[in-house]
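The values are calculated or read from the model by the stated rules, or taken from the named source; none is laboratory data. Predicted model only: the values in this text are computed from it and were never measured. Backbone-built Cβ (ideal geometry, glycine too); neighbour counts: all protein chains shown. Just so you know, the surface numbers come from the protein's heavy atoms only, side chains and all, with ligands and any DNA or RNA stripped out. Shrake-Rupley method; radii C 1.70, N 1.55, O 1.52, S 1.80 Å.
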Amino acid sequence: MLITGGKWRRPELFLVTGGCGFIGSHLVEVLCARGSHVRVLDDLSTGKRANVPALTEVIEGDVADPAAVAHAMSDVDACFHLAAVASVARSTTDWVGTSRINLGGTVNVLDAARCAREAPIPVVFASSAAVYGNPGVPLLRESQETVPLSPYGADKRASELHAAVATQLHNVPCVGLRFFNVYGPRQDPSSPYSGVISRFADALARNSTIEIFGDGEQVRDFVFVHDVVDALMKAMERAGQGESGICNVCTGRATSIRELALNVGRAAGTDVGMNLLPPRPGDIRQSVGDPTKARDMLRWQSRTSLEAGLKTTLTWYHECLQH
Ligand SMILES: NC(=O)c1ccc[n+]([C@@H]2O[C@H](COP(=O)([O-])OP(=O)(O)OC[C@H]3O[C@@H](n4cnc5c(N)ncnc54)[C@H](O)[C@@H]3O)[C@@H](O)[C@H]2O)c1
């Protein structure tokens with residue numbers, strides 16, 4: 001129990017959907033370390049129970065099931081909604097199945113948030129840079145027209161629109177964060193959908209060559225997972241004060257895939273062998289975000305250099321291989 005202003009107050013209870021996944025588990029760790037109570041709703045499709053501290057309450061359930069979400073939301077003070085099939089590729093083959101989770105799950109969360117307590121509870125949710133499509137501009141701002149090119153991007157954009165409706169119609173404070181390329185420990189390299197850094201790190205840890213699709217000159221905005229968790233926490237502070245909105249979570253720095261491979265090698269203290277493969281159809285040439293709105297709205301900016309983030313990530317992969 002906490003004492004505030006002479007009154008007993010229950011510690012905050014946060015629901016984290018997708019809390020056993022890559023980003024969610026880092027968030028759960030920080031919330032637990034802060035002394036908050038945390039409940040996770042996760043179907044463990046890509047997440048692992050072992051990713052979160054042992055005493056964390058984990059409800060194994062599907063975010064696409066309204067009853068499971070309503071149950072998980074009972075007594076909750078605030079919700080971080082991260083559960084999704086985080087794969088553009090899978091959304092193109094399993095359109096109906098992924099949309100049921102990626103959009104249907106968000107609507108379930110928003111609906112449960114509006115009737116969770118006496119008043120609607122705040123929701124911070126994961127959107128994605130995939131909402132922008134491929135406009136070919138050097139820096140993506142939130143004011144940029146969104147033209148998603150995949151069911152995944154369309155569902156993330158639709159989630160943002162539903163969140164805006166939840167705010168307008170039901171006073172649910174909602175902050176949506178458009179994550180760019182998140183990387184760090186616990187990103188699963190064995191998944192065909194995992195991030196390029198986890199695949200590079202894994203290849204190096206196994207002494208094999210790095211595979212690059214196309215000429216390697218496509219550029220991305222890599223943001224370290226600890227910084228992303230910081231953005232989530234700051235977004236919850238804003239939502240907790242009744243604010244709503246959308247903002248990029250990015251660094252504003254462009255890194256080409258070829259440059260990234262060299263950086264990964266440098267961080268590992270080794271020369272990398274690169275194997276250039278045919279380009280993947282629809283691969284976006286340029287995806288770099290403008291972090292100005294996050295700085296103004298959330299008072300957040302990424303603090304981890306690519307060099308430092310890569311070192312931490314590589315150390316983790318190395319340790320994993322030894323166990
Ligand atoms: N990693 C990135 O670079 C990135 C970029 C943009 C957006 N995002 C978004 O951030 C969020 C977290 O992504 P991540 O990288 O940690 O992925 P992840 O796959 O590691 O985590 C997703 C979690 O959601 C769970 N989940 C999936 N379907 C579910 C369902 N039907 N019901 C309940 N739980 C379910 C998984 O088991 C997993 O624990 C996702 O919403 C993703 O779309 C991630």
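The table for this structure:
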| item | result |
| --- | --- |
| Unmet criterion (only one of (1) at pLDDT below 95; (2) closer than 19 Å to Glu12 by Cβ; (3) small (Gly, Ala, Ser)) for Ala78 | (1) |
| Residue ID - surrounded by the most Cβ atoms within 10 Å (Cβ to Cβ), chosen from residues in the stretch 40-66 that are within 13 Å of the ligand (Cβ to nearest atom), outside any loop (DSSP other than H, G, I, E, B) and free of Cβ contacts under 8 Å to residues at least 40 places away in the same chain | Val40 |
| Filter result for Val107 (surrounded by 17 or more Cβ atoms within 10 Å (Cβ to Cβ) and either of a type outside the set (A, V, I, L, M, F, W, C) or part of a helix (DSSP H, G or I) (or both)) | yes |
| Near pairs, Cβ below 7 angstrom, 6+ apart or cross-chain, from the stretch 74-98 (touching a residue at least 40 places away in the same chain (Cβ under 8 Å)) to any residue that is of a type in the set (Lys, Arg) | Val76/Arg39; Thr98/Arg90 |
| Residues satisfying the stated conditions in the stretch 266-323, i.e. of a type in the set (Asp, Glu) and either loosely packed, with under 14 Cβ neighbours inside 10 Å or part of a strand (DSSP E or B) (or both) | Asp271, Asp283, Asp296, Glu307, Glu319 |
| Identity of the residue in the stretch 16-28, out of contact with any helix residue (DSSP H, G or I) (no Cβ under 6 Å at 6 or more places or on another chain) and closer than 15 Å to Glu60 by Cα, that ends up nearest to the ligand (Cβ to nearest atom) | Gly21 |
| Flag for Pro291 being touching a strand residue (DSSP E or B) at 6+ places or on another chain (Cβ under 7 Å) and free of Cβ contacts under 8 Å to residues at least 60 places away in the same chain | yes |
| Only listed residue being modelled with pLDDT under 95 and over 18 Å from the mean Cα position of the chain (by Cα), chosen from Arg100, Arg90, Arg117 | Arg117 |
| Condition check for Gly216: buried (at least 16 other Cβ atoms within 10 Å of the Cβ) and within 15 Å of the ligand (Cβ to nearest atom) | no |
| First in the stretch 17-36 and in a loop (DSSP other than H, G, I, E, B), second anywhere and within 15 Å of the ligand (Cβ to nearest atom) and basic (Lys, Arg), Cβ under 9 Å, 6 or more apart | Gly19/Arg39; Cys20/Lys48; Cys20/Arg49; Gly21/Lys48; Gly21/Arg186 |
| Identity of the residue in the stretch 128-166, hydroxyl-bearing (Ser, Thr, Tyr) and farther than 21 Å from Gly104 by Cβ, that ends up nearest to the ligand (Cβ to nearest atom) | Tyr132 |
| Residue in the stretch 249-263 that is over 29 Å from Ala50 (Cα atoms), touching a residue at least 60 places away in the same chain (Cβ under 8 Å) and open to solvent by less than 10 Å² (accessible area, probe 1.4 Å) present | yes |
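For every residue, the table says whether it meets (1) among the charged types (D, E, K, R); (2) assigned to a helix (DSSP H, G or I); (3) open to solvent by less than 20 Å² (accessible area, probe 1.4 Å).
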| position | (1), (2), (3) |
| --- | --- |
| Glu145 | yes, no, no |
| Pro148 | no, no, no |
| Asp155 | yes, yes, yes |
| Leu161 | no, yes, no |
| Gln168 | no, yes, no |
| Ile197 | no, yes, yes |
| Ser208 | no, no, no |
| His226 | no, yes, no |
| Lys234 | yes, yes, no |
